[in-house]
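A quick write-up on the structure given underneath.
The values are calculated or read from the model by the stated rules, or taken from the named source; none is laboratory data. Remember, it's a predicted structure, so these values are computed and weren't measured experimentally. Cβ atoms come from the backbone with ideal geometry, glycine included; neighbour counts cover every protein chain shown. Heavy atoms of the whole protein, side chains included, go into the accessibility calculation; ligands, DNA and RNA do not. Shrake-Rupley method; radii C 1.70, N 1.55, O 1.52, S 1.80 Å.
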Amino acid sequence: GGALIGTGAFDTVEAERTVNVETAGDGAALLGIAANPDYDDEIITDADAGETLEIDIGGATTTEGGEGINQNARTVISDLVDLTNQGTQDVESIEFEVDGDNGEEDVLSVVREEGEPSSTDPLEPGQTYSFGFEIDLLDDGPAAVEDGDIVDGDFEPTLTITAESEE
């Protein structure tokens, strides 16, 4: 009986604690997500650090008369978005997943340039990683594409970025 009293063993503990969580816009978050400054705000909007990044490729007419990407073509736009580790720990992996209801994942993919960290290379604090997109309209397959063109209203992909840091 004396040994049980001295072990500090217990069956149940219930305790309330306060948890504070703060959010930040994409540009100011621990994993900063920002438009590459080489692209104007007609393609990417993130006017300040308090907003969520939004990408609209071909949604606006440019001052030079361009209205979208080419039909029946494979278009690659490199270094469109910058990810910056603004935290204090290495990011051990970065994964990208394109999802949609009309086969968007078959048309849109994330591309990285040679020399950039792969999804398994660490992203150290302060380091920036750039990525872009490939839009492949050569194969007329997904519901979002008809005759080599994106069907209005049927192409609304979501990009999920998963970054994992070391424990």
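Descending by average beta-carbon neighbour count within 10 Å, the peptides 11-22, 96-107 line up as 96-107, 11-22, the highest first. Across Ile94, Ile77, the residue with the most accessible area heads the list, and the full order at a 1.4 Å probe is Ile77, Ile94.
Computed on protein heavy atoms with a 1.4 Å probe, the accessible areas place Thr84, Thr52, Thr160 in the order Thr52, Thr160, Thr84, largest first.
When nucleic acids and ligands are ignored and a 1.4 Å probe is applied, Thr62 ends up with an accessible area of around 60 Å². Might you work out the accessible area of Glu54 for me, using a 1.4 Å probe with all protein chains in place, and round it to the nearest 10 Å²? Accessible surface of Glu54 is approximately 110 Å².
Taking 7 Å steps out from each Cα toward its Cβ at Val19 and Ile69 produces label points 3.8 nm apart. Here the label points at Thr160 and Glu97, each 7 Å from Cα along the C-beta direction, are separated by 0.3 nm in the simple model.
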